[in-house]
Amino acid sequence: MSIFKNFFRSKSNKEREEISDDNRGKYMPQIKLPIDESFTINFKANGGKFLYCENLNEVFENLNNIFDENNWLDKSGYFYDKNLEERFKSLNLKTDCLKEATYFFTTCENLIADDGSLLISSHQIAESKLIEFPNNFIVFATTSQIVTNIGEGLRQIKNKNKQKIPTNITTIKHFKDLDEKDFLTYGSASKNLYLLLLEDL
């Protein structure tokens, strides 16, 4: 059963009462959300655009909607991952060099539930800096890539790449214009980011 079906269905009044913080004592432990729900809430709070897909047909449909919404049908994109480019070749997307591209289409290593960020590495961006990429990102990921925190994501990267651990590991966390007065975001590159999340569990 889809882990997101429970998240997107409407809750009954009884269920709402059961999870309401108003009915809990102030010393009760906080309700721990499932990691998929936690990721979705934090990702949207960061300004990301989340598109849940039950199958590949929905991925293609949502992708076409993104291109229509942004008038990107005649614009060029950049793929670093040639396997990803091959997977979506039926869309006949225009491709160009990094500097000329309107959007960057990529995968990621993991989705981090604790802060709603995306963990990426040299597998996705080579040795380039995020600031060198277009402002528009389209990320294709699966629900099995959701992990609780960055530490868990780093362990997965290490376990999957025992021969050669990728370099340039970083997170993308800000998906809207950053407040220049907020020193915590200094040096971060905000991206207009669409996440196509395919259910695979």
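Side notes on the structure shown:
- Estimated dipole of segment 64-201 in Debye, rounded to 20 [Cβ of Lys and Arg +1, of Asp and Glu -1, Cα centre]: 540 debye
- Cross-link pairs K75/K158; K94/K162; K89/K158; K75/K176; K49/K162 - those with Cα-Cα distance over 25 Å: K75/K158; K94/K162; K89/K158; K49/K162
- Calculated from backbone phi, Karplus (6.51, -1.76, 1.60) coupling profile of segment 150-167 in Hz, x at Gly/Pro: 5, x, 5, x, 5, 4, 5, 4, 5, 5, 7, 10, 5, 6, 8, 6, x, 9
- Positive dipole terminus of segment 31-178, leading residue within G47, L130, N62 (C-beta point charges): L130
Rule-based calculations on the coordinates, nothing more; no lab input. This structure is a prediction, so every number in the text was calculated from the model and none was measured. FYI the Cβ positions are ideal-geometry reconstructions off the backbone, even for glycines, and counts take in every protein chain you see.
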